[in-house]
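A quick write-up on the structure given underneath.
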Amino acid sequence: MSKSARPHHCSQCGKRFIQLGHLKKHKRTHTGEKPYHCFQCEKRFSSSGSLKSHERIHSGVKPFQCSQCGKRFSSSGSLKSHERIHSGEKPFQCSLCGKRFSRSSHLKLHKSVHTGEKPFQCSQCGSSFTSSDSLKRHIGLHSGEKPYYCSDCGKRFSRLNGLKRHERIHTGEALPMLPVSK
């Protein structure tokens, strides 16, 4: 498409846009500005569309359904990512080792294996982590927060996987055997 067909251009990276509104939205990728916020949890977003998608998490509305298994999702992006489980598609490839991933976030996390980068640091003890989720789990150890609880006996857990493992006591489901190190 010609420059005249895309008259609005980004002064930082040169990318061109048909509409001025699209350029303004794009510029937020450079500035980090997030003018839209969720009134329920205060999380901030760079676009109104991202906010609307996020708000479905609180409302429980899941309008996007997988045609293969029927599972429902609150965003089209989550559905598309899920559909790769069925197709086996892994479009995101590590440029260093060639390993492929179904999600761009998994590739981004994987890259820290090569770089050793741990950009998420705990302000309380200085420990560093490769992902914000790992840091959040770690911070829960400092706070003693245990948001997950067993509906059968009331025992509380800091992590969901701890609760799931505990619940097997009540259901009688066998725990997986762990390899014994020699």
Exercise. Under 15 Å from the Cβ of Lys108, count the other residues' Cβ atoms, weight Lys and Arg +1, Asp and Glu -1, and hand me the total.
Key: +4
Quiz item: So for the chain, taking the charge dipole from beta-carbon charges (+1 Lys/Arg, -1 Asp/Glu), which of Leu23, Ser131, Ser76 sits furthest toward the positive end?
Solution: Leu23
Quiz item: Which one, (i) 10, 39, 40, 10, 1; (ii) 9, 31, 31, 19, 7, 2, 0; (iii) 7, 16, 33, 31, 8, 4, 1, gives P(r) over Cα pairs in 10 Å bins from 0, in percent as derived from the coordinates shown?
Solution: (iii)
Practice problem: Using only Cα atoms, tell me the angle between helix 76-87 and the longest principal axis of the chain; keep it within 0 to 90° and round to the nearest 10. | Solution: 60 degrees
Self-check item: Rounded tilt (10° steps) of 132-143 against the dominant C-alpha axis of the chain
Solution: 50 degrees
Self-check item: the chain - mean residue ellipticity at 222 nm from DSSP helices (-39,500 (n - 2.57) per run, n ≥ 4, rounded to 500)
Solution: -12500 deg cm²/dmol
Practice problem: With everything on Cα atoms, drop me the angle between helix 104-115 and the longest principal axis of the chain, reported from 0 to 90° to the nearest 10. | Solution: 80 degrees
Quiz prompt | Those GluC sites (Glu not before Pro) in region 1-77 that DSSP places in a loop and that have at most 14 other beta carbons within 10 Å | solution = Glu33, Glu42
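Once you order the gyration tensor axes a ≥ b ≥ c over the Cα atoms, which shape class does region 55-99 get: rounded for a/c under 1.5, otherwise prolate or oblate by comparing a/b with b/c?
oblate
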Quiz item: With +1 on each Lys and Arg Cβ and -1 on each Asp and Glu Cβ, how big is the dipole of the chain about its Cα centre, in debye rounded to the nearest 20?
Solution: 580 debye
Exercise. Order by neighbour count: Leu135, Leu141, fewest other Cβ atoms within 10 Å first, most last.
Key: Leu141, Leu135
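Each reported figure results from applying straightforward, stated rules to the coordinates on display, with no laboratory input. What you are looking at is a predicted structure, and each value in this text was computed from that prediction instead of being measured. Every residue, glycine among them, receives a Cβ derived from its backbone with ideal geometry; neighbour counts consider all protein chains shown.
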